[in-house]
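Just below is one structure, and these are the notes that go with it.
The values are calculated or read from the model by the stated rules, or taken from the named source; none is laboratory data. Treat the numbers as computed from the prediction; the structure is a model and nothing was measured. With ideal geometry, Cβ positions are generated from the backbone for all residues, glycine too; neighbour counts draw on all protein chains shown. Heavy atoms of the whole protein, side chains included, go into the accessibility calculation; ligands, DNA and RNA do not. Shrake-Rupley method; radii C 1.70, N 1.55, O 1.52, S 1.80 Å.
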Amino acid sequence: MSSEHPPASASTDELEHSQVEEGSNYGDLPFEELQSKAISGRSWTDIGDLDEAAAGRSVLIRGFAQVVRNVGKKMTFVVLRDCMSNVQCVLNASADTGVSTQMVRFAASISKESVVDIEGVVSLPRKPLKATTQQVEIQVRKVYCISRAIPTLPINLEDAARSEAEFEKAEQSGEKLARVLQDTRLNYRVLDLRTPANQATFRIESHVGGIFRDYLRSKNFIEIYSPKFISGSSEGGADVFELQYNGKTACLAQSPQLHKQMSICAGFGRVFEVGPIFRAENSNTHRHLCQFAGLDAEMEIKEHYFEVCDIIDDLFVAVFNYLNENCKMELETINKQYPFEPLKYLEKTLRLTYVEGIQMLKEAGTEIEPMGDLNTEAEKKLGRLVKEKYGTEFFILHRYPLAIRPFYTMPCYDDPAYSNSFDVFIRGEEIISGGQRIHKPDLLSKRAEERGIDLSTIKSYIDSFRYGAPPHGGFGAGLERVVMLFCGLDNIRKTSLFPRDPHRLEP
């Protein structure tokens with residue numbers, strides 16, 4: 001137990017783990033005080049709300065101890081961080097402030113990334129502060145440690161937040177800086193996520209999911225929640241996780257595709273879902289994951305699958321406009337560590353046929369099998385060509401060859417070798433696939449059999465089209481990939497909270 005003025009013989013260890021006595025203005029808060037013991041009526045101020053208007057006011061704040069710097073026996077600086085904001089707090093031992101040298105020593109003993117409560121008076125610094133987001137200081141009157149971090153952290157957040165430019169500058173001057181590699185970041189993801197760029201990235205991601213929902217609701221879509229245990233493959237192919245389900249073999253859904261369509265058959269008109277997608281792909285690339293967040297939608301169409309493209313056009317332009325207008329701070333924070341050029345897009349999204357895309361590649365010297373799929377390099381090259389010719393990095397490529405599309409894709413009326421389908425690209429990488437679906441059960445069964453799908457595993461799906469089914473279409477996007485490409489990031493693991501790839505099941 002500590003007091004305001006502990007005996008001179010008190011050791012450093014005692015100060016480092018001194019519990020708060022009643023009336024004391026520093027110490028480690030006893031655990032029982034954190035067990036919802038009482039409601040005190042105190043009010044905590046968000047660090048991000050501290051500005052010049054708060055000068056002279058007494059505030060109580062809580063945050064992670066980002067920096068703890070002791071300056072002699074009578075002064076310690078503590079930078080507290082809360083989400084994307086931080087503020088400098090100053091402990092200056094004097095009779096006027098009620099801060100003792102023991103209190104200064106206690107604050108200096110707090111390990112970095114510990115959770116700390118500080119009470120003090122907001123003041124204006126003499127010079128602008130370069131190292132903190134908030135341009136005020138807190139003159140500390142009370143400091144309590146809520147939760148101590150271990151003394152030596154597995155990664156240093158300052159190292160984890162460095163940009164490539166900082167490493168290059170240090171190398172030129174002969175300084176050696178520690179580089180936190182991707183696997184190390186992911187092994188200690190909880191710490192890695194505290195960096196400013198990561199805090200900004202997942203706020204951007206939250207906005208994208210929110211706009212997706214809000215926009216589609218405004219267009220009379222309803223949100224559904226489809227099952228993730230299914231009896232067979234929802235997309236065809238072997239990239240499916242199998243597991244035992246009460247004595248039967250089941251699959252984790254590769255998409256909500258089948259149940260989206262069944263929902264249209266059920267008369268819902270327009271539906272969407274935000275949920276997990278599972279792909280058993282052994283793809284160790286910068287853009288593939290075994291689990292990701294799917295942004296899916298399905299809708300009745302009256303005449304043409306371009307009705308779906310119209311929704312995508314309006315929706316994603318709305319997403320991009322919102323992020324550019326309302327998330328400037330987050331985008332600047334990401335840009336500081338991972339520099340990128342703002343996405344170029346048109347208010348009316350460009351649409352090209354697959355044949356037109358192939359022709360552009362051919363004219364640029366890249367030969368592509370006319371009825372084959374685009375590989376990664378071809379997609380990227382087409383993205384560059386489209387940007388040069390049309391001034392956009394966001395476009396729709398439609399009317400793909402039927403042979404490279406899922407079994408449920410509707411063939412074109414004038415040439416069954418092609419399909420009423422599309423992909424959507426950002427910066428030369430595919431983010432959305434979609435199209436019109438087959439609503440004729442006999443043709444659907446034929447197409448599924450041709451793809452080697454056991455019809456008994458999708459019987460209820462095919463039967464749903466026997467009771468009257470409106471023409472319909474839809475699309476699916478990967479949330480993490482959308483954010484990765486909008487922000488110009490180089491790896492999808494940067495936009496997945498706790499990534500699941502072929503080699504990672506933890507944390």
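When only DSSP loop residues count, what trypsin sites (Lys or Arg not before Pro) in segment 233-331 have their Cβ near at most 11 other Cβ atoms within 10 Å?
On the way: sites: LYS248, LYS260, ARG270, ARG279, ARG287, LYS302, LYS328; in loops: ARG279, ARG287, LYS302.
In loop regions of segment 233-331 (DSSP not H, G, I, E or B), the sparsely surrounded trypsin sites (Lys or Arg not before Pro) are LYS302.
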**OP:** DSSP loop (so not H, G, I, E, B), at most 11 other Cβ within 10 Å: list which GluC sites (Glu not before Pro) in segment 133-204 pass both filters.
**Re:** GLU175
Original post:
Put ASP501, ASP46 in order of accessible area, largest first, 1.4 Å probe: what do you get?
Top reply: ASP46, ASP501
**OP:** Return the label of the correct value of Rg and Dmax of the Cα atoms in Å, as calculated from the structure shown, out of (i) 23.3, 80; (ii) 23.5, 72; (iii) 28.5, 93.
**Re:** (iii)
Original post:
Does segment 41-142 come out rounded, prolate or oblate, given a ≥ b ≥ c as the square roots of the eigenvalues of its C-alpha gyration tensor, rounded meaning a/c under 1.5 and, failing that, prolate meaning a/b above b/c?
Top reply: rounded
Subject >> segment 147-201-segment 32-81 distance, computed between alpha-carbon centres (Å) >> reply: 24 Å
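Step through the table entries LYS344/LYS494; LYS248/LYS459; LYS348/LYS389, compare each Cα-Cα distance with 18 Å, and write down the pairs that go over it.
Pairs exceeding the cut-off: LYS344/LYS494.
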**OP:** Would you tell me the accessible area of VAL99, worked out with a 1.4 angstrom probe on the heavy atoms of the protein chains, in Å² to the nearest 10?
**Re:** 10 Å²
Subject >> ILE146 - accessible surface, heavy atoms, 1.4 Å probe, Å² rounded to 10 >> reply: 30 Å²
Original post:
What's the FRET efficiency of VAL121 with ASN156 using the Cβ-Cβ distance as r and R₀ = 45 Å, to the nearest 0.05?
Top reply: 0.90
Subject >> Low-density loop positions, trypsin sites (Lys or Arg not before Pro), segment 413-503 - DSSP coil, at most 14 other Cβ in 10 Å >> reply: ARG451
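Can you give the calculated 222 nm mean residue ellipticity of the chain, where each DSSP H run of n ≥ 4 adds -39,500 (n - 2.57) and the sum is split over every residue, rounded to the nearest 500 deg cm²/dmol?
About -8500 deg cm²/dmol.
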Original post:
Among THR45, THR195, what's the order by accessible area (1.4 angstrom probe), most exposed first?
Top reply: THR45, THR195
Original post:
Rounded to the nearest 0.05, what FRET efficiency do LYS380 and GLU506 have when you use their Cβ-Cβ distance and R0 = 35 Å?
Top reply: 0.65
**OP:** For TYR188, tell me the accessible area in Å² from a 1.4 Å probe, rounded to the nearest 10.
**Re:** 100 Å²
